[in-house]
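The values are calculated or read from the model by the stated rules, or taken from the named source; none is laboratory data. Note that the structure is predicted; figures quoted are calculated from it, not measured. Reconstructed Cβ throughout: ideal geometry from the backbone, glycine too, with neighbour counts over all protein chains shown.
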Amino acid sequence: MIKLLIIADDFTGALDTGVQFSKKGIPTLVTVKTDIDLNRMDADLEVLVVDIESRHMDKNQAAQRVKEITRWVRTFGVEYIYKKTDSTLRGNVGAELTALMHECHNCELMFIPAFPKTNRTTIKGYQYVNGLLLQESVFAKDPFEPVKNSYIPDIIKMQSDVNVSVIDYKKINHSNDFSSVFQMHSDESTIYVFDAEKDEDLKNIGQFLKDQNKLKVTAGCAGFAEFLPELLGLTPKPVKIKKNKANTLVVSGSINEIAISQINYAEQQGYKSFTLTPAQKLEKHYLETLEGEEFIEEVIKKINNEELLILKTVDSRDDIQKCIGYAQKISMNQEKMHLKIAENVGRIVKNILNETMIGTVVVFGGDTVLGIMKAIEAQGLMPKREIVPGVVVSTVMSDAYKIDMITKAGGFGDEDVLIKIKDYLKEGE
């Protein structure tokens, strides 16, 4: 029986949160489908993670999606809801948190946005990445969604008129003090933002919230989610992991500087790569051309020769402008460009899977993951474990393709992350 619903705004975020439960043996399903009959699901399933793909929607659409999924799941008696947010506060954070709070008829929501394992910390209400204020990090340079603010209450209030209160957990010594914090805002809707710098802070905050019976509706990223299994009393089961030993294909659709650096490092360590051209990324019928057929044949030849291969959408950030120029040439809406790229990358990967044996697809970027999932008509993913924080191994739920998928958000991981993934795949079971 499903006890916890997690609502995510992109697919890699959904996975790196869902794996916090499955790696502890708690049956978890990650999907984009909202037409599932929960009464017919496996009785052992306790956690459902739904990616509503709202990261790039306008705030009103995003809020409506949150309301719809919340209303739907509450009819099945799901007890707990967790709104997964991006650890760098991208997307429609204010609109989505407010929509969840109101749809659950709550006047308060507990928000714990830190993810210390990936160097995302919250100090006095400000979000930091690798010790830098969010607005000074690489995420401020995102060409599609630059982050211009680090103070979380201000980020929320850009899309919401609710009250926002920052709580320094370390200054709360006992439950009476903690209760008084909430009483201060009892007459108005309030989102409480909790400071946290270490995993120990997240654990202690969780215990305080449990003691105060305030875990029914919470929000944060994968960091706080890691402590929810014990806090919510979910039932662990033995974990069995069997690796798929067939060939591996790496696909990077991320334009984040961290991801580009990781790909460059892997190339220095022996990986070969193809950089997709603007036509390959944007032309719907490219694969039906002779050039498209020859491209797939060349990729498959390298895979069959057991070469370490990467398909990537950019060599550097400069390639983005080339793609924008090509989109203008073919009269494509620039705002939809990232979705078209993900769709075409999905088609390319499907053609490769149809022509050769692939055991594992490694994917950088949430849009790219979803593009591949849609292309192969997968129902969802069953996360199994983390190789390192933010790098998730899952089994693809598909009748046609028996593959594993290793996913990573663009902005996560050390420079040698692909080497760590390769080493994991080579290890004994």
Task: Failed criterion for Ile330 (all others in (1) modelled with pLDDT of 90 or more; (2) over 23 Å from Phe21 (Cβ atoms); (3) among the aliphatic types (A, V, I, L, M) hold) - done: (1)
Open item on the list: Thr218 - would you say it is in a strand (DSSP E or B), touching a strand residue (DSSP E or B) at 6+ places or on another chain (Cβ under 6 Å) and at pLDDT below 95?
Closed with: no
- [ ] Check off (1) modelled with pLDDT under 95; (2) in contact with a Gly (Cβ under 7 Å, 6 or more places away or on another chain) for Glu108 and give me the number that stays unchecked.
- [x] (2)
Task: Test: residue in segment 354-374 that is free of Cβ contacts under 8 Å to residues at least 12 places away in the same chain, closer than 21 Å to Gln280 by Cα and not assigned by TED's automatic domain parsing to the domain that holds Asp10 - done: yes
Open item on the list: Return the residues of segment 280-331 that are assigned to a loop (DSSP other than H, G, I, E, B), touching a residue at least 24 places away in the same chain (Cβ under 8 Å), over 16 Å from Val251 (Cβ atoms) and of a type in the set (Ser, Thr, Tyr); say none if nothing qualifies.
Closed with: Ser316
Task: Candidates Lys384, Lys408, filtered to the one that is more than 21 Å from Asp86 (Cβ to Cβ), of a type outside the set (Gly, Ala, Ser), crowded, with 16+ Cβ neighbours inside 10 Å and in contact (Cβ under 8 Å) with a residue 12 or more places away in the chain - done: Lys384
- [ ] Go through segment 238-250 and give me each residue that's closer than 9 Å to Lys24 by Cα and surrounded by 12 or more Cβ atoms within 10 Å (Cβ to Cβ).
- [x] Val239
Open item on the list: Quick test of your reading of the structure: Thr289 fulfils all but one of (1) modelled with pLDDT under 90; (2) more than 26 Å from Pro383 (Cα to Cα); (3) surrounded by fewer than 19 Cβ atoms within 10 Å (Cβ to Cβ). Name the failing condition by number.
Closed with: (1)
Task: Members of segment 400-414 that are charged (D, E, K, R) and within 19 Å of the chain's Cα centre (by Cα) - done: Asp404, Lys408, Asp414
Task: Residue that is at pLDDT 75 or above, of a type in the set (Gly, Ala, Ser), assigned to a loop (DSSP other than H, G, I, E, B) and not assigned by TED's automatic domain parsing to the domain that holds Glu335, where the choices are Ser165, Ser160 - done: Ser160
Open item on the list: Please verify whether Glu96 is modelled with pLDDT of 90 or more, part of a helix (DSSP H, G or I), touching a helix residue (DSSP H, G or I) at 6+ places or on another chain (Cβ under 7 Å) and not aliphatic (A, V, I, L, M), treating the condition exactly as stated.
Closed with: yes
Open item on the list: Can you pull out every residue in segment 254-279 that is in contact (Cβ under 8 Å) with a residue 40 or more places away in the chain and not hydrophobic (A, V, I, L, M, F, W, C)?
Closed with: Ser254, Asn256, Glu257, Ser261, Gln262, Tyr265, Glu267, Gln269, Tyr271, Thr275, Pro278
